[in-house]
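Reviewing the structure listed below.
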Amino acid sequence: MATNEELFARAQRVIPGGVNSPVRAFRAVGGTPRFIQRGQGAYIWDAEGQKYVDYIGSWGPMILGHGHPAVVDAVQKALLDGFSFGAPTEREIELAEAILALVPGCEMVRLVSSGTEAGMSALRLARGATGRAKFIKFEGCYHGHADPLLVKAGSGLATFGFPTSAGVPEDVVKHTLVLPYNDIPALEAAFAEHGRELACVMIEPIAGNMNFVRASLPFMTLLRELCTQHGAMLVFDEVMSGFRVALGGAHSLFQQWIPGFKADVFVFGKVIGGGMPLAAFGASKEVMSQLAPLGPVYQAGTLSGNPVATACGLATLKEIAKPGFYEALGARTTALVRGLEAVAKDVGVPLVGDSLGGMFGFFFEQELPQNYATVMATDKERFNRFFHGMLQRGVYLAPALYEAGFVSAAHTQADIDHTLEAARESLLALKN
Ligand SMILES: Cc1ncc(COP(=O)(O)O)c(C=O)c1O
């Protein structure tokens, strides 16, 4: 049996950094990544047979836990009928109908294979529909790795950002404005200067790529007003928050909190594929009619609406729509976060957390950070040592302080209790 270390060494010989997505390499926290052999329910097992309570859930999709019987059954049946046809199937309609039924205001969707593809296509659609090029994104929000979206904030008052990655020409990001999250004066200033040239504003309404940060209600209210005033589209990237923070995603929550609220374009992923490569973007019928073959905005995909992925997504959506699902998931996640706060208080370590539905975050801080800069100023050293303490005790948290965590319906109170006990020991060890 190969150890994690042996597998990592072998992987690094053939895959850059030994991983197929950078965060898996444990670079932020140090140490050897665990090579996962299998998952069941709330648990994963690594190559050495070590069992972990899984708080990543494949970075969000596994809301039912691993190997849910109804999902496995649906996938197995779909497989026998064929892997991919490159022609339409009935299940694509069913999945589109299921998504639209849960997200009022979104009238049509197109299915794609990854969140990156969905975010990139949503941006192209907003640009095509408005005939404008510029758009705003927020520091700390991730919308996939398409060139115009890989942009970091400039220094000082500069609103136009710089590429975060080599290989992205400055020319490609010259239409991307980057603002701090939850910053009302910055938003007002950007609209005052560029409002009429903006195709859209893209936002993670509940951000999960700078740990867990909610957009404040005054900020979201103003953002909606400014977009409407200036004819810019409000794009809700719900790849992470969709069907995760609530059955109708963050959009349904903001609709409860802000009377008359509605986003213009929606981006989904993760949960709608139940762990298979599947994502989607949507909008009103009028806006979606801009897409090929109806309109001039081109977008396509060989594996889009894949029959096995749609079966997996549909079976997942069916389970999460059952009465009481989010109440139970939310209660479990709250128990975890409040429990972590209580344990930390006992031990004498500052810790504050937040959660919605099955998504959570915690910080070694007194108060919840409101934007990327304050998240990144939290105690990284302490987080990293805590992460490894938890890992050693069989609890797999996200391996970076700027990532959110995920609880699934398979997590039991006993799993939460085990996690809190591990947290107590890990925090005590930090103090010594
Ligand atoms: C909010 C958000 N948008 C887009 C993406 C990109 O999705 P994918 O990794 O499927 O390309 C992610 C991935 O984590 C995400 O969290």
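If each residue's Cβ is checked for other Cβ atoms within 10 Å, how do His411, His194, His230 rank with the fewest at the top? Before the final figure, lay out the partial values.
Numbers: His411 25, His194 19, His230 16.
Starting with the residue having the fewest Cβ neighbours, the order is His230, His194, His411.
In what order do Lys137, Lys152, Lys322 fall by count of nearby beta-carbon atoms within 10 Å, going from fewest to most? Kindly include the intermediate steps, with their values, before the conclusion.
Values: Lys137 27, Lys152 15, Lys322 11.
With the fewest neighbours first, Lys137, Lys152, Lys322 line up as Lys322, Lys152, Lys137.
Just to check I understand the Karplus step: with θ = phi - 60° and J = 6.51 cos²θ - 1.76 cosθ + 1.60, what whole-Hz values come out for the range 106-111, glycine and proline as x?
Result, rounded to whole Hz: 9, 9, 8, 10, 10, 8.
I want the antiparallel fraction of DSSP beta bridges within the range 121-238, as a percent rounded to 5.
Numbers: 5 of 16 bridges.
Approximately 30 percent, going by the DSSP bridge assignments.
Scan around Lys134 for amide H atoms under 5 Å from its own, H built in the peptide plane at 1.01 Å from N, and keep only partners 5 or more places away or cross-chain.
Ala199
What aspartates and glutamates sit close enough to Lys270 to cross-link, taking a C-alpha to C-alpha distance under 19 Å and skipping anything fewer than 8 places away on the same chain?
Asp54, Glu92, Glu94, Glu97, Glu117, Glu204, Asp237, Glu238, Glu319, Glu403
Using only helices, what value at 222 nm comes out for the chain when you add -39,500 (n - 2.57) per DSSP H run of length 4 or more and divide by the total residues, to the nearest 500 deg cm²/dmol?
Numbers: 13 runs with 165 residues, N = 432.
So the helix-based figure for the chain works out to -12000 deg cm²/dmol.
Lysines near Lys77 by alpha-carbon distance under 17 Å, same-chain residues fewer than 8 away left out - which ones?
Answer for Lys77, where 17 Å is the Cα cut-off: Lys318, listed by chain and number.
Which of Val151, Asn211, Gln12 sits closest to the plus end of the dipole of the chain, meaning its Cα is farthest towards the positive end, when Lys and Arg get +1 and Asp and Glu get -1 on the C-beta?
Most positive-ward Cα: Gln12.
Could you run the Karplus curve 6.51 cos²θ - 1.76 cosθ + 1.60 with θ = phi - 60° over the range 365-376 and give me ³J(HN,Hα) per residue in whole Hz, x for Gly and Pro?
7, 7, 10, 5, x, 10, 7, 4, 4, 6, 4, 6
Convex hull volume of the Cα atoms in the range 301-432, per residue, in Å³?
On the way: hull volume 19.0 nm³, N = 132.
Convex hull of Cα atoms, per residue: 144 Å³.
Taking the Cβ of Asp379 as the centre, find all other residues whose Cβ is under 14 Å away and add up their charges (Lys, Arg: +1; Asp, Glu: -1).
Numbers: positive: Lys380, Arg382, Arg385, Lys431; negative: Glu365, Glu367, Glu381.
Neighbourhood net charge equals +1.
Provide the percentage of antiparallel DSSP beta bridges, counting only those with both residues in the chain; round to the nearest 5. Display every interim value, and only then the final one.
Working: 29 of 48 bridges.
Of the beta bridges lying entirely in the chain, close to 60 percent run antiparallel.
If packing is taken as the average count of other Cβ atoms within 10 Å, what order do 169-175, 346-352 fall into, highest mean first? Before the final figure, lay out the partial values.
Values: 169-175: 13.9, 346-352: 15.7.
Sorting 169-175, 346-352 by mean packing, highest first, produces 346-352, 169-175.
Give me Trp59, Trp257 sorted ascending by neighbouring Cβ count inside 10 Å, so fewest comes first. Each step should come with its number before you reach the end.
Working: Trp59 21, Trp257 11.
Exposure proxy ranking, most exposed first: Trp257, Trp59.
Over the range 1-55, what relative contact order in percent results from Cα pairs under 8 Å that are six or more residues apart? Working shown, then result.
Numbers: 63 pairs, mean separation 16.7, N = 55.
After rounding, I find 30 percent.
Write down, largest first, the equivalent ellipsoid semi-axes of the chain in whole Å, where each equals the square root of 5 times an eigenvalue of the alpha-carbon gyration tensor. Write out the running numbers ahead of the final one.
Working: eigenvalues 215, 147, 90 Å².
Each semi-axis is √(5λ); the values are 33, 27, 21 Å.
Could you tally the net charge around Gln229, taking each other residue with its Cβ under 12 Å from the Cβ of Gln229, Lys/Arg +1 and Asp/Glu -1? Numbers along the way, then the final one.
On the way: positive: Arg196, Arg224; negative: Glu188, Glu225.
Once all neighbours under 12 Å are counted, the net charge is 0.
If you count the DSSP beta bridges with both ends in the range 69-320, what percent of them are antiparallel, to the nearest 5? Before the final figure, lay out the partial values.
Numbers: 14 of 31 bridges.
For the range 69-320, the DSSP antiparallel bridge percentage is about 45.
Given a cut-off of 20 Å, name the pairs among Lys137/Lys262; Lys137/Lys380; Lys134/Lys285; Lys137/Lys285 whose C-alpha atoms lie farther apart than that in the structure shown. Present the calculation step by step, with values, prior to reporting the outcome.
On the way: Lys137/Lys262 18 Å; Lys137/Lys380 25 Å; Lys134/Lys285 23 Å; Lys137/Lys285 25 Å.
Over 20 Å Cα-Cα: Lys137/Lys380; Lys134/Lys285; Lys137/Lys285.
Rule-based calculations on the coordinates, nothing more; no lab input. Here the structure is a predicted model, which is why all the values come from computation and not from measurement. Counting neighbours? That spans all protein chains shown, and the Cβs are built from the backbone with ideal geometry, glycine included.
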